[in-house]
Amino acid sequence: MYFQSSLPIVIRNNAVIIHDWCTFLFIPWVLTHSIGHFLHIRISWPKWWRTKAPLPDALQENSLQRRDFLKFFGIGILFVAIGGYIKWFLPTLSISSNEDKRRGYFRIYNVTDDFPRYEDTDWSLTINGSVNQTTVLTMDDVPLFPETTIVDDFHCVTGWSVHGVELKGVLLKDVFDHLGLTTSGKYVTAYSGDQTYYDSFTTSQILDEGAMLVFEMDGQVLKKTQGYPCRLYHPSMYGYKSVKWLSQLEFSKERELGYWQKSGGYDLNGYL
């Protein structure tokens with residue numbers, strides 16, 4: 001429900017809360033029930049709780065016994081454990097110990113059902129709001145700015161990391177200096193081309209802390225799912241601040257809450 005952008009945020013948030021509570025209540029119940037049956041622990045439940053109508057004769061022969069329940073539960077846990085190991089642990093543990101190779105791998109998250117698929121000539125970045133002149137950048141303008149390459153660790157707030165990622169692009173400070181752009185706004189909102197995601201920063205965070213427009217990752221042009229052709233990146237912040245398919249930087253005198261600040265209560269600044 002979190003990823004159905006057509007639904008209001010209130011509905012999505014409540015759906016996640018219901019899901020979480022169901023998970024927190026169901027798992028302890030299953031464990032307690034299974035252990036109780038396995039150890040033959042009897043609990044003196046109230047009579048109204050123990051009273052139940054007998055099964056119809058047609059269903060008696062299909063009723064699950066304790067052994068069946070434990071068998072299915074055990075098989076389910078086994079498959080979950082195997083799947084979790086393969087998806088989350090094996091890719092990291094099997095990577096070469098060579099220090100030149102990064103450890104970890106990217107999980108691709110998206111808040112919409114789809115994502116924009118820009119061609120080379122389609123993309124543009126609008127810089128507007130409280131600036132001395134509204135500016136629209138295209139891919140043809142990118143070679144005008146000094147190229148910057150950094151090697152950094154990419155961290156996601158959900159707990160995973162990718163170490164030693166090479167990011168190539170241009171510093172936003174260099175863009176402003178080269179174009180003679182100035183701003184009276186203390187804040188800036190970065191919008192994604194998916195028409196849904198956005199996040200906000202202070203102007204100082206964008207211009208004075210090494211924030212950059214990234215076009216290549218690990219020596220290759222960004223994949224479309226990674227934000228092709230351009231994503232925002234701040235080297236001291238979690239990945240949710242790294243707006244993919246960056247399409248607009250709007251400077252203002254008041255700060256907007258970002259998508260995940262409104263939807264999930266994430267920290268506004270997102271520092272590591």
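Regarding residue 137, is this residue more than 16 Å from the chain's Cα centre (by Cα) and either of a type in the set (Lys, Arg) or in a loop (DSSP other than H, G, I, E, B) (or both)? No, not satisfied. Residues of segment 11-45 being over 42 Å from the mean Cα position of the chain (by Cα), modelled with pLDDT under 70 and open to solvent by less than 100 Å² (accessible area, probe 1.4 Å), which ones? Of everything in segment 11-45, just one residue is over 42 Å from the mean Cα position of the chain (by Cα), modelled with pLDDT under 70 and open to solvent by less than 100 Å² (accessible area, probe 1.4 Å), namely 43. I'd like to check something: does segment 78-94 contain any residue that is at pLDDT 70 or above and at positive phi? No: segment 78-94 contains no residue that is at pLDDT 70 or above and at positive phi.
The values are calculated or read from the model by the stated rules, or taken from the named source; none is laboratory data. Keep in mind it's a predicted model, so treat the numbers as computed, not measured. Each accessible area value is taken on the protein alone, full model and side chains, heavy atoms only, with ligands, DNA and RNA left out. Shrake-Rupley method; radii C 1.70, N 1.55, O 1.52, S 1.80 Å.
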